Amino acid sequence: MSRFVVHEHKARRLHYDFRLEIGGALASWAIPKGPSMNPADRRLAVQVPDHPLDYGRFEGIIPAGQYGAGPVVVWDRGSYDLLEGGTPEAGLRAGKLVFALHGTKLRGTFALARLERGRTGQEWLLIKKKDAHADASWRLVTELTPGRLERLRLKTPSCRAS
């Protein structure tokens, strides 16, 4: 089993960073609307550069002037099992990953599929498959609450003076 993490990140716009441990790094996709447990939802997932494995534990405020400036919290984490395609690396190259997530919020079978006609070649879709964990009434709930934001400000040295 490999690890996954989803960061809720309020940079220029609120989005969710979906990350899968692949090849000693966190392969990463920015999901503007966030993941969904509803199989009817198809979520755009734009592949972004890999992150180091240690980043999976990161929570804090990225300072103004730096790429991705703004608060970041772990929204969900857990492990995953690849269900199709041999290895995760082969799935990335082929543009299709099918996996089972074992998280606190995200559970069951999902697929990431690269769009053939994407503008940049980095556009994928994150799709929840129909299974026992699917929920058509599921709604995304933020973890970036005022209390959590205040705790981030207190633990982030560059933000204490504000």
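Every number in this text was worked out from the coordinates using simple rules, so none of it is lab data. None of these values were measured; they are calculated from a predicted model. So basically every Cβ, Gly included, is an ideal-geometry build from the backbone, and we count neighbours across all protein chains shown.
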Query raised in the report: Leaving out same-chain residues fewer than 8 places away, which lysines sit with a Cα under 26 Å from that of Lys155?
Result: Lys10, Lys105
Query raised in the report: Helix 146-155 versus the longest principal axis of the chain: what is the Cα-based angle in degrees, 0 to 90, to the nearest 10?
Result: 70
Query - Between region 1-65 and region 88-109, the Cα center-to-center distance that results, in Å - result: 13
Report task. Just grab the label-to-label distance for Ala64 and Glu84, each label 7 Å out from Cα along the Cβ direction, in nm (one decimal). Result -> 4.7
**Report entry** Among (1) 1.69; (2) 1.04; (3) 1.86, the entry derived from the coordinates for Cα Rg over 2.2 N^0.38 Å
**Finding:** (2)
Query - Choice from Pro146, Pro71, Pro88 with maximal GNM fluctuation in the chain (Cα, 10 Å cutoff) - result: Pro146
Query - Cβ-based charge dipole, region 2-159, positive-most Cα from Gly86, Ile31, Gly103 - result: Ile31
Report task. Treating only the Cβ atoms of Lys and Arg (+1) and Asp and Glu (-1) as charged, compute the dipole magnitude of the chain about its Cα centre; round to the nearest 20 debye. Result -> 480
Report summary line: Which of Gly147, Gly68, Gly95 fluctuates most in a GNM of the chain (C-alpha springs under 10 Å)? That residue is Gly147
